[in-house]
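Notes to accompany the following structure.
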Amino acid sequence: MRKLLDALQSGRLFELTETSKDEAFDFLGRVLEAIPEIPDDSGVVEAMRAREQAGNTSVSPGLACPHARVEGITADIYCTVGWSKDGIDYGAADGQKVHLLVAYWIPDCQRVAFLKEMSGLAKAVLSTGGIEVIRECDTLGEVRHRLLDWVTVALNEGSPDVRARMLKLSEKSTEQSPPAQN
């Protein structure tokens, strides 16, 4: 969920006026390509379309996560978010329109980080009542607030795990420290 938070903080949340999946891909892909850290020749839009042909990236009713995986690049994950009040016919298995598209650019070396990001997103959506909170929004500002709620939920749910790892590190460093000299 940190990548979603980065996108929100960087102003990469947009209202999609496009009515088709292809138009939404074009827009979101071009936004990703405009991020200075993403190489100019990365072909984000084409990679997102190729991934979509391999399998629909609708992850829950009303939510899709199109993404482009790239090989041979050591970089961070980036994302951008598109919201459609009316919804986009995404060809999802449930037949529902998609109202939120979270598009990712993922270097192959970041696969595990991407899976963690997706897991956090799924948990946040489920624990906050699903996509309904996004469907009910009338403005982009409202969407941003709901997404920040999701990020907060996901990061707070991860906190006990983070605390447990910190305690283990603390115990380990205490065990390895030489005894104090008097």
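The values are calculated or read from the model by the stated rules, or taken from the named source; none is laboratory data. All figures in this text were calculated on a predicted structure; none of them were measured in a lab. A quick note on method: Cβ atoms are made from the backbone with ideal geometry, for glycine too, and the neighbour counts reach across all protein chains shown.
For the range 85-95, which positions are touching a Ser or Thr at 6+ places or on another chain (Cβ under 9 Å) and either within 16 Å of PRO66 (Cα to Cα) or part of a helix (DSSP H, G or I) (or both)?
ILE88, ASP89, TYR90, GLY91, ALA92, ALA93
Kindly provide the set of residues from the range 48-59 that are over 16 Å from VAL125 (Cβ atoms) and surrounded by fewer than 19 Cβ atoms within 10 Å (Cβ to Cβ), ordered by number.
Result: ARG49, ALA50, ARG51, GLN53, ALA54, GLY55, ASN56.
When only residues in the range 114-137 that are in a loop (DSSP other than H, G, I, E, B) and buried (at least 17 other Cβ atoms within 10 Å of the Cβ) count, which is modelled with the lowest pLDDT?
Across the range 114-137, the extreme among qualifying residues is THR128.
Restricting to the range 90-113, what's the tally of residues that are among the hydroxyl-bearing types (Ser, Thr, Tyr) and either more than 15 Å from THR80 (Cβ to Cβ) or modelled with pLDDT under 90 (or both)?
The total comes to 1.
Across the range 1-19, what is the total count of residues that are small (Gly, Ala, Ser) and free of Cβ contacts under 8 Å to residues at least 12 places away in the same chain?
2
Of all the residues that make up the range 20-74, how many are without any contact (Cβ under 8 Å) to a residue 12 or more places away in the chain and among the hydroxyl-bearing types (Ser, Thr, Tyr)?
1
Please enumerate the residues belonging to the range 60-74 that are surrounded by fewer than 18 Cβ atoms within 10 Å (Cβ to Cβ) and either closer than 17 Å to VAL151 by Cα or more than 16 Å from the chain's Cα centre (by Cα) (or both). Don't jump to the end; show me each part of the working.
Let us first name the residues in the range 60-74 that are surrounded by fewer than 18 Cβ atoms within 10 Å (Cβ to Cβ), namely 69, 71-74.
Hits for the range 60-74 are GLU71, GLY72, ILE73, THR74.
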